[in-house]
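*Asks:* Okay, here's the structure, questions in a sec.
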Amino acid sequence: MPFLIAALALVGALCLLDLVLTVGVVKRLREHTALLAEVVPPSPAVTVGQKIGPFEATTVTGEPVTTDRLGSGTLVGFFSPTCGPCKDKLPKFVAHVRGLPAGQERPLAVVIGDAEQAGDFLAELGPVARVVVERGDGAVSSAFGVRAYPTLLRVDRDDAGRLVVAANRVEVDRPAPVAVG
């Protein structure tokens, strides 16, 4: 019987040691995942050359927005008020847009959520972009195939005149170059 008790105590101690080591490994993996996320951004789900499906939406100011109304070179941003990186990227997006040359088509900003949640985003984006508020499965998000936020794209027209993604990694960390003329 004492042998059985000693064996049971040994197995219990080994299980406890295994549990402590597993918790330590999980903690380190989370730290490494966070570090890697800063170094290697996730690849965008929207690919360059991807055709944009047809959509119809209305901005918060009542302006209609459709696939046909987006011009070449238009910057399109998708944000969610519940997304931490969106809150970080939003001021950079606004500063970038303010630095765009005069005469360039106003960017389109799509805020995912309801108008109450999007209040702060609308206040910042309203003066610099056409803003559409919709649910995650809304017309614009579905047409672009966007499922991750923030997503910043530049669109263009292909040879057949269809709207396609021209750039899926738009850098807004630096102000836009201003044309000198």
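The values are calculated or read from the model by the stated rules, or taken from the named source; none is laboratory data. The structure displayed is predicted, hence computed values, not measured ones. Backbone-built Cβ (ideal geometry, glycine too); neighbour counts: all protein chains shown.
*Asks:* Name the one entry in VAL94, VAL111 that is at pLDDT 90 or above, in a strand (DSSP E or B), crowded, with 16+ Cβ neighbours inside 10 Å and not polar (S, T, N, Q).
*Replies:* Only one candidate qualifies: VAL111.
*Asks:* Under the condition of being in a loop (DSSP other than H, G, I, E, B) and touching a strand residue (DSSP E or B) at 6+ places or on another chain (Cβ under 7 Å), which residue from region 115-134 is nearest to ASP173 (Cα to Cα)?
*Replies:* So, considering only residues that are in a loop (DSSP other than H, G, I, E, B) and touching a strand residue (DSSP E or B) at 6+ places or on another chain (Cβ under 7 Å), the one nearest to ASP173 (Cα to Cα) is ALA129.
*Asks:* Something else: Would you pick out the residues in region 1-18 that are part of a helix (DSSP H, G or I), loosely packed, with under 10 Cβ neighbours inside 10 Å and aliphatic (A, V, I, L, M)?
*Replies:* LEU4, ILE5
*Asks:* Could you please tell me which pairs satisfy a Cβ distance under 9 Å, a separation of 6+ or placement on different chains, a first residue in region 84-105 that is over 10 Å from ASP173 (Cα atoms), and a second residue that is of a type in the set (Lys, Arg)?
*Replies:* Final answer for the pair search is VAL97/ARG106; GLY99/ARG174; LEU100/ARG106.
*Asks:* Name the residue, out of ASP88, ASP137, ASP173, ASP156, that is at pLDDT below 90 and either of a type in the set (S, T, N, Q) or not in a loop (DSSP other than H, G, I, E, B) (or both).
*Replies:* ASP88
*Asks:* Related question: May I ask you to list the residues in region 101-114 that are out of contact with any Ser or Thr (no Cβ under 9 Å at 6 or more places or on another chain) and farther than 11 Å from SER80 by Cα?
*Replies:* Hits for region 101-114 are PRO101, ALA102, GLY103.
*Asks:* Within the group GLY73, GLY84, GLY99, which residue is on the phi > 0 side of the Ramachandran plot and of a type outside the set (A, V, I, L, M)?
*Replies:* GLY73
*Asks:* Right, here's the next one. Using the structure shown, decide if GLY53 is within 14 Å of ALA139 (Cβ to Cβ), modelled with pLDDT of 90 or more and small (Gly, Ala, Ser).
*Replies:* For GLY53, the condition - within 14 Å of ALA139 (Cβ to Cβ), modelled with pLDDT of 90 or more and small (Gly, Ala, Ser) - is met.
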